[in-house]
Structure formats: structure tokens, C-alpha cells
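Where a number appears in this text, it was derived from the coordinates with a stated rule and is not lab data. Keep in mind the model is a prediction, meaning the values are calculated, not measured. Reconstructed Cβ throughout: ideal geometry from the backbone, glycine too, with neighbour counts over all protein chains shown.
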Amino acid sequence: MFKKLKETLTGRKSETEVVESKEIEKVEATTKAKISKKPVSTKESTPKIKGDMELTEAQKESAMGKLSATMKNPPIIGDLVEGPVIALEKSAVYVDLAPFGTGIIYGREFIIARDVIKKINVGDVVAAKIVDTAHEEGYYELSLKEARQALIWNEAEVAIREKKILDLPVKEANKGGLLIEWQGIVGFLPASQLKTDHYPRIADGDKDKILDELKKLVGTRLQLSIITADPKEGKLIFSEKGSETKEKEKIVSKYEIGDEVEGTITGVVDFGVFVKLEEGLEGLIHISEIDWGLVDDPRNFVKVGQNIKAKIIEIKDGKISLSLKQLKPNPWTEAAKKYKKDMLVSGVIIKFNKHGALASIEEGVAGLVHVSEFGSEEKLRKTLELGKTYDFKISLFDPKEQKMALSYTGEKK
């Protein structure tokens, strides 16, 4: 059944469907020949609702809510309806939809639902979906399968609104994330929606290595929430971050901004460093918080497995931001006592960027030599070379904001 549901969602036809289509044509022809008048409605009993498979209590309540709403007016294509079975034949099931008429499950819909139909008895109440209102004998054509699908997507919408956490297995992995099965529908869990402990930290971003890491999660069960449900597109998107946030908020509550903490480095990436503070909780040191001086590559400062001390500088949405440099003296504090605007200084060129060249006048204190002084980036680079020392004049100095602008005093090439 799962295979059939998956193929229905993706629009692909299997060999089984081809064989079934031939069988359906025969059934439809036989059924049309037999249908000559509508069966007489029987008295409604109060048995259980049946459908493409056994329904959960939540789905039954959802079904009854939708059904009561649609039955106030004559049903149209797409409506969910329910009623007692009033007749069973070899190739058709008749359902009383009083006061509007009679529904019929036959042809393709009969074949698809035949395993369920075997369990149905006259008097059982079934939930179905109107798929056609133009039957030549005046019947409402019904689908058990599509009713089941509608109820599943409705349940997904409820799960989103109520932020339900679902315990689900990982079926497969691809380079973008994981495939998750829920209620017979295959959904997608993007790698970006994995919680910190499961996120593949591959330094060079190699997609094959990322896939290898994701494959390690296949067969495991994750605590997930649904964040997107689009029945028209057959799209179901999951996130693991919902459950992570709730867990983290409990753990994080014992920490405060300004606390000095110890932890172990679990990952180093281009934008910063991940630090495990305790089981279930990691903090991030952004590249700008590693050192007061220039940091081009975090890997030059720390290594995975290293134990470090850091300072908590922000706590937000269950996430902790850390700093290494704020445990060290701020060099701009001392610089404020030594430098001022229009002072002549010497500095070494440590980096070029789109705005110009960065010159360090002492450890952790650097100023920008703007490209506009030279007319073009080419002329700037001809005049100033990386790693060499030159004389400058301070044209802007703001130690509180850690900003300095320098003007080149030598001869421009």
C-alpha cells in the first residue's frame, strides 16, 4: 500500500498499475452493465468508520468535523462524506448519502480499496471523498483512498498548528538531507533542519562526505515536527529543531550572559567554532569572537577535541554564543591611551579587501587604508605590499567602536 501511495503522490505508474488498469476496465464494464437502479437505503447503524486503513481517533474526529460541515449542502467533487453501506456487490459498494442520494465505489477506486472492502459489511459507516458527480445513473462516485489521503494531510496541518513532536524513522539519505516516512507519505528533512548533534560538520563542504555522515542516521528514529504540508505538491517537510529547542531551553536556563564556561571543541568551520558545554548543549564561537587580531581561518587557532574556556556573550532561542577574545584584555582599551587623530604611526599590511588595505599598528589594533586614496585597487596594491611596513597618519580614531582609518603618507606608485 505504501508503494502505491508513494507512486500516486509522485505521479509515476508502476507495472502493477498497468496490470490493474486492465483489470479496472473489465470491472467498470461489468459494473456498468449491472447497475440499473439505485439500491434502497437501509437504516443507519452506529458501527465504526472505515477507510483506506484503520483511522486514528484524531482522524475520526477530523473526519466527522469535515463531514458534518459538507453534508449541510449537496456534496461536490472534493468533499469528504460519510454514510452507511447499503449494498455490497462483487465489483461495487453502495453508500447512503441521505438526503442527497447514493454514493458508489467501483472501477479503479474499488480495485485500489479492495483489501479494505473485504472487511466492510452492510451497515458499516465509511468515510469517502467525492471524485465525480456526473455518473450516468445519478450516483456520487466515491474514493476511500482519497478520503484517507485528505485526512492524513489534514492531520499534518493540525500537527503544524499544535507543534507536535513525532517519533519517526529515517528511511534514506541524500546529499540534501533525509527521507522520512509518516502515515505512508515520504517527507523530507533538510540537513539545515537537523539539530546541532546530528548536523554534518564537514570542513571543506564536500557533498560526498556530507552524504556519508547523513547515511549514519538511516535506520535511527528522530524526534521531528512538521513545518510544511502541501497536499497539491505532495510535499511534506520536517524539522528536528523544534524538539531541540525545547530540550535546550531547559538546559540553557541555568546559564547567564557573562558566565565563563569550559567546553570541548566538537567542530571547526569557516564561520566559527562549535563547543560542547554539556550533554545536549553546544555553543558557537563566531569567527569575529576568536581573537582581537585578524582571524582568516579558525583552524589556525583551535583544533577539534581541544578543551577551552570561553565567555557567554548571548543567549537567544535556546542558543548560546561564546567568545574567546573577551577573556583576553581588549587592546583597544590601551590603544585609547596612546593614539589620537592626526598622529603619525607605522603599520604592517595584513589584508586586502574591497574597501582597501588593512594595516596593523599593534597586536589586535588595525586601521583601514581606503582604496579611494589611490584611485584604483591596482594602484593600491602596487604601492602597498602584503607583510610590509609603511608610515601612515590617523584620520579617524574611535576606540569604543574599534574603528580606525589611516592615510598613507609615502609616495604613491
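Given N residues in segment 163-245, what is Rg(Cα) / (2.2 N^0.38 Å)?
1.05
Starting from the amide H of D132, placed 1.01 Å from N in the peptide plane, find each other amide H under 5 Å away whose residue is 5 or more places distant or on another chain.
E141
Mind listing the phi-derived Karplus ³J(HN,Hα) values for segment 75-85, rounded to whole Hz, using 6.51, -1.76 and 1.60 with θ = phi - 60°, and x for any glycine or proline?
Values per residue, Gly and Pro as x: x, 10, 4, x, 6, 8, 10, 8, x, x, 6 Hz.
Over the Cα atoms of segment 315-413, Rg to Rh with Kirkwood Rh, two decimal places?
Values: Rg = 15.6 Å, Rh = 14.6 Å.
Across segment 315-413, the Cα-based Rg/Rh ratio is 1.07.
At R0 = 30 Å, how high is the FRET efficiency between K209 and S253 if r is their beta carbon distance? Nearest 0.05 is fine. Could the numbers behind the result be given before it?
Working: r = 36 Å, r/R0 = 1.19.
The value I calculate is 0.25.
Taking every alpha carbon pair in segment 254-327, what does the distance histogram look like in 5 angstrom bins from 0, in percent?
With 5 Å bins starting at 0, P(r) equals 3, 18, 33, 27, 14, 4, 1.
Report the net charge of residues surrounding P169, where surrounding means a beta-carbon distance below 15 angstrom and charges are Lys +1, Arg +1, Asp -1, Glu -1. Let's see the in-between values first.
Details: positive: K171, K215, K216, R221; negative: D167, E172, E181, E240.
Summing Lys and Arg as +1 and Asp and Glu as -1 gives 0.
Can you give the FRET efficiency for D230 and K118, using 1/(1 + (r/R0)^6), R0 = 35 Å, r = Cβ-Cβ distance, to the nearest 0.05? Show your work: numbers first, answer last.
Working: r = 33 Å, r/R0 = 0.95.
Result of the calculation: an efficiency of 0.60.
What list of ³J(HN,Hα) values in whole Hz, one per residue of segment 248-259 in order, does the Karplus curve 6.51 cos²θ - 1.76 cosθ + 1.60 (θ = phi - 60°) give from phi, with Gly and Pro shown as x?
5, 4, 5, 5, 5, 4, 8, 9, 9, 4, x, 5
Please give the FRET efficiency for K403 paired with D296, using the beta carbon to beta carbon distance and R0 = 22 Å, rounded to the nearest 0.05.
Values: r = 20 Å, r/R0 = 0.91.
Calculated transfer efficiency: 0.65.
Please give, to one decimal in nm, the separation of the simple spin-label points placed at L179 and K341, each 7 Å out from Cα toward the Cβ.
Label-label distance for L179 and K341, simple model: 6.5 nm.
Only Lys, Arg, Asp and Glu count, each charged at its Cβ (+1, +1, -1, -1), so figure out the dipole size of segment 158-220 about its Cα centre, rounded to 20 debye. Can you show the working numbers first?
On the way: 11 positive and 10 negative charges, 41 e Å.
In debye, rounded to 20, segment 158-220 gives about 200.
Sorted by average packing, counted as other Cβ atoms within 10 angstrom per residue and highest first, what order do 112-122, 170-180 take?
Working: 112-122: 15.5, 170-180: 17.6.
Descending packing order for the listed peptides: 170-180, 112-122.
Determine, for each peptide in 317-328, 357-368, the mean count of other beta carbons within 10 angstrom over its residues, then list the peptides with the highest first.
Working: 317-328: 17.8, 357-368: 20.0.
Answer by packing, highest mean first, reads 357-368, 317-328.
Quick one: what are the phi-derived ³J(HN,Hα) couplings along segment 314-323, Karplus 6.51/-1.76/1.60 with θ = phi - 60°, whole Hz, x for glycine and proline?
3J(HN,Hα) across segment 314-323, in whole Hz: 7, 10, 8, 6, x, 10, 10, 9, 10, 9.
So how far apart, in nm, are the two label points at N330 and V304 if each is 7 Å from Cα heading toward Cβ?
3.5 nm
Considering amide H positions built from the backbone, and no H for Pro or chain starts, which residues 5 or more places from Q306, or on another chain, come under 5 Å of its amide H?
Distant-sequence amide H within range of Q306: I265.
Report, in listed order, any pair from K325/K354; K163/K309; K354/K388; K175/K250; K216/K325; K171/K209 with a Cα-Cα distance greater than 28 Å.
Numbers: K325/K354 26 Å; K163/K309 36 Å; K354/K388 19 Å; K175/K250 32 Å; K216/K325 36 Å; K171/K209 19 Å.
Pairs exceeding 28 Å: K163/K309; K175/K250; K216/K325.
Compute the distance in nm between two label points, each set 7 Å from the Cα along the Cα-to-Cβ direction, one at L396 and one at V158.
5.9 nm
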